[in-house]
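Reviewing the structure listed below.
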Amino acid sequence: MEHKERVLSGMQSSGRVHLGNLVGALQNWVRLQDKYDCYYFIADWHALTTGYAKPEVLKESVRDLLINFLAAGLDPERSTIFIQSRILEHAELHLLLSMITPLGWLERVPTYKEKQLELKDRDLSTYGFLGYPLLQTADIIIYRAKHVPVGVDQVPHLEISREIARKFNNTYKEIFPEPNALLTEFPKVPGMDGRKMSKSYDNAIYLSDSPKEVEQKIRTMTTDPARIKRTDIGDPELSPVFQLHKVFSSKEEQAEVAAGCRTAGIGCIDCKKILIKNVYTVLEPIWERREKLISQPQRLQEIADQGTQKARKVCQETMALVREAMGLY
Ligand code: TRP
């Protein structure tokens, strides 16, 4: 069998999956399946680091994320798909790595302070939240994965992962390769208000939205604020609708709507109709697969069970080496 390099990535199960997650992460993960030995997981412990006060939503988020993984095209025949909290070895490695991780390294990670400011409604002065990047490090290096496809926002987490792997290797034994971020080239998908698409901004289009909801969301988007009447000319660069065209429409269509906007040749509704059609093209196969998966809870269980078993085996091998290296009895 040809040897493929290992890729690993995870997604936190803390809410619904939107077009930004799809284009920025999942579609890329799908493409990597041919070339690499891929491990993809649902980070439900990470969801608890900020969402610990709401355990009642967790199970449903995990199930929905699993459905979206598969609906987006992750293939359990080719990729190992699993749930973080089912593999206790991740927690064991997290604990053992905590022995060698200086507090300063964790406090320095920019997302630590940023998120605390952003999520002011919760108390994030917890040990688990500080340890977020360390748990992520354990997630990655336990598979001795070389490549980690992530967005730029995750680069500081990968940096600390490399530092910790290096420190482990120097202190004990050369066990862990230093993981690299495999950066997703895709531009940030803007939300309906032009800011980055994010569930915390309430500006997202979700994979679980119905066709009607998607249509409604796009139809009510703001455009160039200076274009009030149909006969006013507009600047497409000032319209969030055009920003979405850049992600979902062909070059020809982009040129056509841009020219139409600048000359008042087309109205905003016509411009939006083209966008709706193209977003539908992306979402229709996903909607179909979602529907089917929702009606097969048994199959979902099986996929999660099989992936978890396969992933656990890899973790057990690594942990045997780690326990030995750290002098455990
Ligand atoms: N921090 C990642 C996110 O916010 C989720 C994650 C957890 C992850 N563990 C990981 C990503 C390991 C890559 C590798 O989406």
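The values are calculated or read from the model by the stated rules, or taken from the named source; none is laboratory data. All values reported here derive from a predicted model rather than from experimental measurement. Note: ideal-geometry Cβ built from the backbone for every residue, glycine included; neighbour counts use all protein chains shown. Please note that ligands, DNA and RNA were not included when accessible areas were found on the heavy atoms of the full protein model with its side chains. Shrake-Rupley method; radii C 1.70, N 1.55, O 1.52, S 1.80 Å.
Restricting the first member to segment 101-122 and to residues that are of a type in the set (S, T, N, Q), and the second to residues that are modelled with pLDDT under 90 and assigned to a helix (DSSP H, G or I), the beta-carbon pairs closer than 9 Å and six or more apart or on different chains are 111/153. Of the residues making up segment 143-180, those that are touching a strand residue (DSSP E or B) at 6+ places or on another chain (Cβ under 8 Å), in a helix (DSSP H, G or I) and under 30 Å from residue 214 (Cβ atoms) are 152, 154.
Would you please name the residue that is surrounded by the most Cβ atoms within 10 Å (Cβ to Cβ), looking only at residues in segment 150-206 that are among the polar types (S, T, N, Q) and outside the structural domain of residue 22 (by TED's automatic domain parsing)? The qualifying residue surrounded by the most Cβ atoms within 10 Å (Cβ to Cβ) is 203. Just so you know, in segment 10-28 the residues that are under 8 Å from the mean Cα position of the chain (by Cα) and within 11 Å of the ligand (Cβ to nearest atom) include one that is modelled with the lowest pLDDT, and it is 24.
Filter segment 249-265 for residues that are among the charged types (D, E, K, R) and open to solvent by 50 Å² or more (accessible area, probe 1.4 Å); which is nearest to the chain's Cα centre (by Cα)? I'd like the intermediate steps shown before the answer.
Filtering segment 249-265 for residues among the charged types (D, E, K, R) gives 251-253, 256, 262.
Narrowing further to those that are open to solvent by 50 Å² or more (accessible area, probe 1.4 Å): 251-252, 256, 262.
On the way: 251: 27, 252: 30, 256: 32, 262: 36 Å.
Checking each candidate, the answer is 251.
Taking helices (runs of 4 or more DSSP H) that fall entirely within segment 181-297, which contain at least 2 residues that are free of Cβ contacts under 8 Å to residues at least 24 places away in the same chain and of a type outside the set (Val, Ile, Thr)?
On the way: elements: 211-219, 240-248, 251-262, 268-294.
Passing ranges, in order: 211-219, 251-262, 268-294.
Restricting attention to segment 1-50, the residues that are of a type in the set (S, T, N, Q), open to solvent by less than 20 Å² (accessible area, probe 1.4 Å) and assigned to a loop (DSSP other than H, G, I, E, B) add up to 2.
Is it the case, given these coordinates, that residue 283 is assigned by TED's automatic domain parsing to the domain that holds residue 70, among the aliphatic types (A, V, I, L, M) and open to solvent by less than 90 Å² (accessible area, probe 1.4 Å)? Let's see the steps before the verdict.
Numbers: assigned by TED's automatic domain parsing to the domain that holds residue 70: no; among the aliphatic types (A, V, I, L, M): yes; open to solvent by less than 90 Å² (accessible area, probe 1.4 Å): yes.
For residue 283, the condition - assigned by TED's automatic domain parsing to the domain that holds residue 70, among the aliphatic types (A, V, I, L, M) and open to solvent by less than 90 Å² (accessible area, probe 1.4 Å) - is not met.
Residues being more than 30 Å from residue 230 (Cβ to Cβ), among the β-branched types (Val, Ile, Thr) and out of contact with any His (no Cβ under 7 Å at 6 or more places or on another chain) are represented in segment 266-287 by at least one member. Selection over segment 207-226 of residues that are under 23 Å from residue 267 (Cα atoms) and open to solvent by 20 Å² or more (accessible area, probe 1.4 Å) gives a count of 12.
Within the bounds of segment 55-74, is there any residue that is surrounded by fewer than 16 Cβ atoms within 10 Å (Cβ to Cβ), among the hydrophobic types (A, V, I, L, M, F, W, C) and away from the ligand (no atom under 13 Å from the Cβ)? Yes, because at least one residue in segment 55-74 is surrounded by fewer than 16 Cβ atoms within 10 Å (Cβ to Cβ), among the hydrophobic types (A, V, I, L, M, F, W, C) and away from the ligand (no atom under 13 Å from the Cβ). Within segment 295-309, the set of residues being under 14 Å from residue 63 (Cβ atoms) and over 21 Å from the mean Cα position of the chain (by Cα) comprises 295, 296, 297, 298, 299, 301, 302, 305. Within segment 141-168, residues that are near the ligand (Cβ under 9 Å from one of its atoms) reach partners that are of a type in the set (Lys, Arg) and open to solvent by 50 Å² or more (accessible area, probe 1.4 Å) with beta carbons closer than 6 Å, at six or more positions or on different chains, in the pairs 145/6.
For segment 288-299, check the following and say yes or no: at least one residue is over 25 Å from residue 14 (Cβ atoms) and open to solvent by less than 50 Å² (accessible area, probe 1.4 Å). No, segment 288-299 has no match at all.
Suppose the filter is hydroxyl-bearing (Ser, Thr, Tyr), away from the ligand (no atom under 12 Å from the Cβ), surrounded by fewer than 19 Cβ atoms within 10 Å (Cβ to Cβ) and over 29 Å from residue 203 (Cα atoms); does residue 79 pass it? When the stated conditions are applied, residue 79 does not pass them.
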